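Participant: Here it is: the structure, laid out below.
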Amino acid sequence: MTRDPRYDILFEPVRIGPVTARNRFYQVPHCNGMGYRDASALAAMRGMKAQGGWAVVCTEMVEIHHGADVAPYVELRIWSDQDIPMLARIAEKIHAHDSLAGIELCHSGYTAVNLWSREIPMAASPMPAASFFNSPVQAREMDKEDIRNLRRAHRAAALRAKAAGFDLVYVYAGHGLGIFQQFLSRATNFRSDEYGGSLENRARLLREVIEDTKDAVGGSCAVPVRIAMNEFQGAAGLEPAEVEDAIAMMAELPDLWDLSLSSWSKDSQTSRFAEEGFQEPYIKGVKKLTSKPVVGVGRYTSPDSMVRVIRQGIMDMIGAARPSIADPFLPKKIEEGRLDDIRECIGCNICISNDFTMTPLRCTQNPTMGEEWRRGWHPETIRPKQKDAHVLVVGSGPAGLEAARALGQRGLTVTIADRAAEPGGRVARECRLPGLAAWSRVRDWRMLQIGKMPNVSLYLESDMTVETVAELGADNVLVATGATWRRDGTGSAQVRPIALAADADVLTPDDIMAGRMPRGRDVVIYDDDHYYMGGVLAELLRKHGFTVTLVTPAPLVSIFTKATLEQATIQSRLLELDVRIEANTLVKSIATAHATLGCSFTGKTREIAAASVVMVTARDPVDSLFHSLLKAGHSVSRAGDCFGPGTIAAAVHAGRKFAEEFGDPPVDFLDMPFRREVTALAAN
């Protein structure tokens with residue numbers, strides 16, 4: 001295949017100060033949960049982006065000083081020369097594929113609580129430190145000596161970055177996480193000296209550090225500035241017009257302007273609440289202010305949208321974090337005319353959750369993400385089969401489809417059988433819920449790839465039994481039949497069933513997704529799952545005219561989605577829809593027309609009207625076929641929710657894992673199935 005000429009503009013080189021990017025694809029800095037702890041894994045992941053055609057590949061934020069450590073989060077560090085070899089490995093992996101390596105130097109100001117270093121945090125003005133854990137820590141106001149020391153620390157970090165081989169050295173003023181934004185914003189800068197008050201004064205430190213960085217490394221390294229265009233606090237904080245004024249003051253000083261929103265939850269909105277290109281209204285005025293390249297993001301996966309924003313003069317380079325995670329080879333696929341092979345980001349933010357859980361990056365669409373080094377997985381290739389075999393995959397949900405696709409790519413003969421009338425399993429049902437339409441991409445991409453493989457066959461409305469499996473005569477069977485939601489109240493907070501009246505109207509998400517509606521208008525949703533399902537169903541039922549009370553043992557609705565940056569938006573949406581929220585509360589029992597609630601702390605009970613109750617609690621694996629086949633002596637395995645109910649990302653990963661390991665000798669339980677990096681001991 002050849003590239004469509006419409007997309008030629010995307011492959012034009014772009015000059016960025018003293019360096020040149022070979023095309024317009026720019027992987028902006030993004031976190032990954034690996035950082036200084038998993039250096040080789042991180043380097044391999046960044047290198048994969050370069051191999052996939054991203055002309056610029058950047059690190060996550062890199063702490064420039066021990067007095068601004070963001071522990072327990074696992075980012076990168078450039079505190080001293082000790083850090084240079086680790087950072088150099090990242091740059092080397094990126095350079096191996098002729099891409100430019102960018103490093104985002106960061107001092108986090110009052111958002112660095114310094115739990116590791118125990119230093120007192122510094123800020124533009126004195127204020128409580130901002131912490132995900134609500135740490136009882138306050139930041140002190142920086143004096144003139146502190147400002148001079150900060151400039152010295154940033155300059156030293158820039159020189160180390162140059163020594164490590166980076167081509168772009170950032171000045172970071174974005175997401176509310178960089179101290180230069182904190183100086184720039186009225187929301188966090190209450191100073192009355194030359195660094196406070198007027199916009200010129202508030203921008204003074206940013207200008208000085210840009211000049212310092214240019215002076216230190218500008219002869220050979222580009223110096224981009226990442227800046228927040230809006231803090232969504234009105235006149236109390238940064239707004240696009242004022243940020244544009246600040247950019248105009250320094251228009252030609254940096255080598256590139258990297259535009260973002262603040263806070264991070266605004267910058268990385270999920271597909272449930274924002275469409276592709278959602279940042280354009282905030283950034284479209286910047287290009288007219290500067291001759292320097294402008295990069296922005298917006299979860300772009302469509303090459304037509306990419307061309308449009310360049311031709312309209314909104315940006316010069318297509319910035320991406322999440323789309324580059326879902327498909328590291330997105331640029332190459334556009335270049336090679338393989339648009340239907342693009343593994344499009346679904347905007348679920350499961351990738352971001354791993355920064356909050358301090359664990360290696362993962363992706364719903366791309367199960368190889370984070371596994372490039374430790375398991376040796378590649379997003380585009382997989383080792384060929386070792387010998388011929390016919391594999392039956394029972395179930396066409398996310399685990400089954402990914403396993404079948406990857407097995408087919410290895411050259412094995414694969415038959416997929418599913419009792420449903422359409423493929424996709426849980427994805428086919430959930431993508432019809434409010435805001436989740438983009439999740440259909442998990443099914444659609446795999447179905448498209450499978451459709452190209454003559455060695456993979458799909459049979460729907462095929463209910464497999466031990467007898468029909470035997471008739472098919474496959475050499476191996478993978479059971480990926482998913483899971484069903486429980487209706488007895490068993491969940492995270494209560495591990496035993498609760499009392500249910502025989503005539504109570506108790507539903508599960510499976511019932512709602514199958515089209516069954518509650519029989520009464522007063523509905524209680526009991527969310528002891530804590531991810532998206534409870535909130536989505538509350539929204540759905542309100543839009544159907546039901547009165548909804550959402551009960552959760554947690555202090556917040558859908559509390560896990562704090563890690564996907566959605567929780568506040570979800571709770572706001574439900575409150576706007578007049579959903580009543582009962583937090584820190586258990587459903588203790590259900591009668592015909594009411595439910596008995598109990599305080600999570602005191603156990604004190606009370607009754608609430610409930611003509612119907614929807615249980616969003618635990619799920620049971622649908623594994624009876626697996627056990628029957630095992631008993632009958634078949635060579636059988638299971639994967640995905642059928643093995644252990646979890647996220648869609650976990651199911652996709654399980655499918656890939658089965659395909660990767662198929663044909664290998666069994667691994668002993670005590671053996672490590674992946675590589676890990678162990679810290680070298682100090683001399684004493």
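The values are calculated or read from the model by the stated rules, or taken from the named source; none is laboratory data. Keep in mind that this is a model prediction, so the values were computed, not measured. Virtual Cβ from ideal backbone geometry, glycine too; neighbours counted across all protein chains shown.
Participant: Tell me yes or no: at least one residue of the range 183-200 is assigned to a helix (DSSP H, G or I), surrounded by fewer than 24 Cβ atoms within 10 Å (Cβ to Cβ) and not hydroxyl-bearing (Ser, Thr, Tyr). Can you show your working first?
Facilitator: Restricting attention to the range 183-200, the residues satisfying the condition of being assigned to a helix (DSSP H, G or I) are 183-184, 199-200.
Filter once more, keeping what is surrounded by fewer than 24 Cβ atoms within 10 Å (Cβ to Cβ): 199-200.
Next cut, not hydroxyl-bearing (Ser, Thr, Tyr) only: 199-200.
Taking every residue of the range 183-200 in turn, at least one turns out to be assigned to a helix (DSSP H, G or I), surrounded by fewer than 24 Cβ atoms within 10 Å (Cβ to Cβ) and not hydroxyl-bearing (Ser, Thr, Tyr).
Participant: Here is a further query. Quick check: anything in the range 277-294 modelled with pLDDT under 95, crowded, with 17+ Cβ neighbours inside 10 Å and of a type in the set (Gly, Ala, Ser)?
Facilitator: no
Participant: Find the residue count for the range 317-349, including only residues that are part of a loop (DSSP other than H, G, I, E, B), surrounded by fewer than 24 Cβ atoms within 10 Å (Cβ to Cβ) and of a type in the set (Asp, Glu).
Facilitator: So in the range 317-349, the residues part of a loop (DSSP other than H, G, I, E, B) come out as 321, 327-329, 336-338, 342-349.
In the following step, the residues that additionally are surrounded by fewer than 24 Cβ atoms within 10 Å (Cβ to Cβ) were identified as 321, 336-338, 342, 344, 349.
Next, from what is left, pick out any that are of a type in the set (Asp, Glu): 336, 344.
Counting residues in the range 317-349 that are part of a loop (DSSP other than H, G, I, E, B), surrounded by fewer than 24 Cβ atoms within 10 Å (Cβ to Cβ) and of a type in the set (Asp, Glu) gives 2.
Participant: So how many residues does the range 463-511 have that are part of a loop (DSSP other than H, G, I, E, B) and surrounded by 16 or more Cβ atoms within 10 Å (Cβ to Cβ)?
Facilitator: Count: 16.
Participant: Filter the range 231-249 for residues that are under 26 Å from the mean Cα position of the chain (by Cα), over 14 Å from residue 259 (Cα atoms) and not aromatic (Phe, Trp, Tyr) and give the result.
Facilitator: 233
Participant: Considering each residue of the range 350-372, count those that are part of a helix (DSSP H, G or I) and among the charged types (D, E, K, R), and give that number.
Facilitator: Total satisfying the criteria: 1.
Participant: Take the residues of the range 108-126 that are outside any loop (DSSP other than H, G, I, E, B) and hydrophobic (A, V, I, L, M, F, W, C): which is farthest from residue 196 (Cα to Cα)?
Facilitator: For the range 108-126, the residue satisfying everything is 122.
Participant: Are there any pairs with C-beta distances below 7 angstrom linking a residue in the range 150-172 that is modelled with pLDDT under 95 to a residue that is part of a strand (DSSP E or B) and crowded, with 22+ Cβ neighbours inside 10 Å, with the two at least 6 apart or on different chains, and if so which?
Facilitator: none
Participant: Something else: Limited to the range 85-107, what total is found for residues that are part of a loop (DSSP other than H, G, I, E, B), surrounded by fewer than 24 Cβ atoms within 10 Å (Cβ to Cβ) and touching a strand residue (DSSP E or B) at 6+ places or on another chain (Cβ under 7 Å)?
Facilitator: Residues in the range 85-107 being part of a loop (DSSP other than H, G, I, E, B), surrounded by fewer than 24 Cβ atoms within 10 Å (Cβ to Cβ) and touching a strand residue (DSSP E or B) at 6+ places or on another chain (Cβ under 7 Å): 0 in total.
Participant: Only residues that are of a type in the set (S, T, N, Q) and over 20 Å from residue 532 (Cβ atoms): list them for the range 622-660, please.
Facilitator: The answer is 624, 628, 635, 637.
Participant: Here's another thing I want to ask about it. Can you pull out the residues in the range 65-84 that are assigned to a helix (DSSP H, G or I) and either crowded, with 17+ Cβ neighbours inside 10 Å or in contact (Cβ under 8 Å) with a residue 24 or more places away in the chain (or both)?
Facilitator: 66, 67, 68, 81, 83, 84 - these are the residues of the range 65-84 that are assigned to a helix (DSSP H, G or I) and either crowded, with 17+ Cβ neighbours inside 10 Å or in contact (Cβ under 8 Å) with a residue 24 or more places away in the chain (or both).
Participant: Which of the residues belonging to the range 486-539 are within 31 Å of the chain's Cα centre (by Cα) and farther than 22 Å from residue 577 by Cα?
Facilitator: 486, 487, 489, 490, 491, 492, 493, 494, 495, 510, 511, 514
Participant: Within the range 512-522, how many residues turn out to be aliphatic (A, V, I, L, M) and either surrounded by fewer than 18 Cβ atoms within 10 Å (Cβ to Cβ) or over 20 Å from residue 490 (Cβ atoms) (or both)?
Facilitator: Number satisfying all stated conditions: 2.
Participant: Turning to a different aspect of this structure: Provide a single number: the residues in the range 590-619 that are surrounded by fewer than 16 Cβ atoms within 10 Å (Cβ to Cβ) and part of a strand (DSSP E or B).
Facilitator: Number of matching residues: 5.
Participant: Report whether or not residue 546 is aromatic (Phe, Trp, Tyr) and either under 20 Å from residue 490 (Cβ atoms) or in the same structural domain as residue 347 (by TED's automatic domain parsing) (or both).
Facilitator: no
Rundown of residues vs (1) in the same structural domain as residue 612 (by TED's automatic domain parsing); (2) among the small types (Gly, Ala, Ser); (3) under 23 Å from residue 366 (Cα atoms), yes/no style:
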{"site": "449", "(1), (2), (3)": "no, no, yes"}
{"site": "452", "(1), (2), (3)": "no, no, yes"}
{"site": "458", "(1), (2), (3)": "no, no, yes"}
{"site": "462", "(1), (2), (3)": "no, yes, no"}
{"site": "467", "(1), (2), (3)": "no, no, no"}
{"site": "471", "(1), (2), (3)": "no, no, no"}
{"site": "476", "(1), (2), (3)": "no, no, no"}
{"site": "492", "(1), (2), (3)": "yes, yes, no"}
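Participant: When you scan the range 546-589, how many residues do you find that are in a loop (DSSP other than H, G, I, E, B) and of a type outside the set (Ser, Thr, Tyr)?
Facilitator: 14
Participant: Taking residue 255, is it closer than 30 Å to residue 220 by Cα, surrounded by 19 or more Cβ atoms within 10 Å (Cβ to Cβ) and of a type in the set (Asp, Glu)?
Facilitator: Yes; evaluated as a whole, the condition is true for this residue.
Participant: Continuing with this model, one more query. Based on what the data block shows, is residue 304 among the acidic types (Asp, Glu), assigned by TED's automatic domain parsing to the domain that holds residue 203 and assigned to a helix (DSSP H, G or I)?
Facilitator: yes
Participant: Something else: As an exercise: evaluate residue 547 against (1) surrounded by fewer than 18 Cβ atoms within 10 Å (Cβ to Cβ); (2) free of Cβ contacts under 8 Å to residues at least 40 places away in the same chain; (3) touching a Phe, Trp or Tyr at 6+ places or on another chain (Cβ under 8 Å) and give the number of the one condition it does not meet.
Facilitator: Failing condition for residue 547: (3).
Participant: Counting just the residues of the range 523-540 that are of a type outside the set (Val, Ile, Thr) and part of a strand (DSSP E or B), which one comes out surrounded by the fewest Cβ atoms within 10 Å (Cβ to Cβ)?
Facilitator: 527
Participant: Now for a different question. When the residues of the range 127-182 are filtered to those that are in a loop (DSSP other than H, G, I, E, B) and more than 30 Å from the chain's Cα centre (by Cα), which remaining residue is surrounded by the most Cβ atoms within 10 Å (Cβ to Cβ)?
Facilitator: So the first thing to find is which residues in the range 127-182 are in a loop (DSSP other than H, G, I, E, B), and the list is 129-137, 142-143, 164-167, 170, 174-178.
Then drop every residue that is not more than 30 Å from the chain's Cα centre (by Cα), which leaves 142-143.
Details: 142: 23, 143: 11.
The selected residue is 142.
Participant: So, in the range 385-437, how many residues would count as being in a helix (DSSP H, G or I), under 21 Å from residue 345 (Cβ atoms) and in contact with a Lys or Arg (Cβ under 8 Å, 6 or more places away or on another chain)?
Facilitator: 7
Participant: Within the range 307-316, work out how many residues are outside any helix (DSSP H, G or I) and among the aliphatic types (A, V, I, L, M).
Facilitator: 2
Participant: Whether any residue in the range 261-270 is among the aliphatic types (A, V, I, L, M), outside the structural domain of residue 568 (by TED's automatic domain parsing), in contact (Cβ under 8 Å) with a residue 24 or more places away in the chain and over 28 Å from residue 17 (Cβ atoms) is what I want to check. Give the derivation first.
Facilitator: Of the residues in the range 261-270, the ones among the aliphatic types (A, V, I, L, M) are 261.
Checking the rest, the ones that are also outside the structural domain of residue 568 (by TED's automatic domain parsing) come to 261.
Next, only the ones that are in contact (Cβ under 8 Å) with a residue 24 or more places away in the chain stay: 261.
Next, from what is left, pick out any that are over 28 Å from residue 17 (Cβ atoms): none.
No: the range 261-270 contains no residue that is among the aliphatic types (A, V, I, L, M), outside the structural domain of residue 568 (by TED's automatic domain parsing), in contact (Cβ under 8 Å) with a residue 24 or more places away in the chain and over 28 Å from residue 17 (Cβ atoms).
Participant: Find the residue count for the range 430-457, including only residues that are touching a residue at least 60 places away in the same chain (Cβ under 8 Å), buried (at least 19 other Cβ atoms within 10 Å of the Cβ) and more than 21 Å from the chain's Cα centre (by Cα).
Facilitator: 1
Participant: Which of the residues belonging to the range 408-429 are crowded, with 24+ Cβ neighbours inside 10 Å, farther than 21 Å from residue 537 by Cβ and touching a Phe, Trp or Tyr at 6+ places or on another chain (Cβ under 9 Å)?
Facilitator: 412, 416, 418
Participant: Filter the range 1-40 for residues that are crowded, with 24+ Cβ neighbours inside 10 Å and of a type in the set (A, V, I, L, M) and give the result.
Facilitator: 16, 21, 28, 34, listed by residue number.
Participant: Evaluate the following for residue 499: is it over 30 Å from residue 637 (Cα atoms) and aliphatic (A, V, I, L, M)?
Facilitator: Working: over 30 Å from residue 637 (Cα atoms): yes; aliphatic (A, V, I, L, M): yes.
Yes: the conditions hold for residue 499.
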